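Heads up: the structure comes next, in structure tokens.
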Amino acid sequence: MSVFRSRPALRWLVPSAAAVVVIGGGAAAGTIVASADPSLPERSAAQLLVDVQNAKVDGLSGTIVESADLGLGALGNLAQSSGDLTALLGGSNTARVWYAGETKARIALIGTQGETDVIRNGSDVYVWKSTEKKASHLTIPAGAADKHEQLSQVPSTPQEAADAALAAIDPTTSVSTTGAAKVAGRDAYELVLSPKDTGSLIGQVRLAIDAEKHIPLRVDVYAKNATSPAVRVAFQQISFAVPDNEQFVFKAPPGTTVTEGSVADIEKQHQAAAEKAAAEKPKLSEEPKLVGKGWTTIVSAKLPKTDGSAESSQAAGLVGMLPEVSGSWGKGNLFAGTLFSVLVTDDGRVFAGAVTPEKLYEAAA
């Protein structure tokens, strides 16, 4: 199986903020030293790109850890009561994965409150949540596998994160290599993607590529001039032995209620969830626009007028906590994070991107 040209049925999701960072760009060249330096034959960046695109594995199992520290400061503390938001912006997620071919895969998302397992075995898919003591079973019709994979909202492995990073390679990106590393006890090459535009807050995206199997073992995103990653998706432990079939057989724990479903049911659930999210998110007076391109792309939008609701008051209070700034574009409030900046102007405009505040001021003007 090519880990880049076909999508595994089970994908370990990088939190949304991290995914935006990976797609948007990468930290400053030469500021990070590899954790180890195995003796490996030299390979160019071009050779490593070919290796990754052609990587094939028959099976693997391991533990993946995703962590994020986006430098939100006091704003991060406000997320403590939000659970998922805390993990998204400054937390850690752990998953156990097993893979034995296109139709045999399993992921176990492990949290402090419990565990969620997704198991694909041929045409059978089981989703089990320990906290709810419930499991659902659905059968994938012939020819519907690809569609089902698109519906699987489970986190991205290092392969998926690397896929997004590699897709960002364009004329605004420098591609290089720097030494080697040890990841999960295995020798790896490091491929480095760096933005050419100095207006980017991201210095590098580093991919640690297994020297033998050629799959990404770790993806790190560094803020400019930083010596530790703001976002990391990495195998903590990995084996390339094909997992035993027993790993893909679901056995309902005592007290578990199993319900039957279908791909159509899953589609309806996702549609309902999407509609609910769309109804709950803040309404903008106009559609967001993109300013610039590549690593320094900025999203701009016009905020709705406050309506006196509790939500509007809370949002206004949050913006009011940010430092006041001004320029030829007017006045407003600025959040300057490690990997992204947000400018909210007094006339209701908002600009955000993985860029320096100066870039936001230019867009606002």
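Counting other Cβ atoms within 10 Å as a rough exposure proxy, the listed residues V127, V319, V249 run V249, V319, V127 from fewest neighbours to most. Selection among G317, G292, G330 by position relative to the dipole of region 289-364 gives G292 as farthest towards the positive end (Cβ unit charges, Cα centre).
Sorting the segments 112-124, 349-361 by their mean number of nearby beta carbons within 10 angstrom, highest to lowest, gives 349-361, 112-124.
Residue pairs exceeding 31 angstrom between C-alpha atoms, taken from K104/K268; K251/K276; K224/K331; K129/K268: K251/K276. Cβ crowding within 10 Å ranks W329, W128 as W329, W128, fewest other Cβ atoms first. Along region 118-123 the Karplus relation, 6.51 cos²θ - 1.76 cosθ + 1.60 evaluated at θ = phi - 60°, assigns HN-Hα couplings of 10, 10, 10, 9, x, 8 Hz to successive residues, with x for each Gly and Pro.
Mind checking the alpha-carbon convex hull of region 289-364 and giving the volume per residue in Å³?
Details: hull volume 6.5 nm³, N = 76.
Measuring per residue, one finds 86 Å³ for the Cα hull of region 289-364.
What you get for region 289-364, charging only the Cβ of Lys and Arg (+1) and of Asp and Glu (-1), is a dipole of about 260 debye around the Cα centre.
Taken together, the values in this text are just the output of simple stated rules run on the coordinates, not laboratory data. As the structure is a prediction and not an experimental result, all values here were calculated from the model. With ideal geometry, Cβ positions are generated from the backbone for all residues, glycine too; neighbour counts draw on all protein chains shown.
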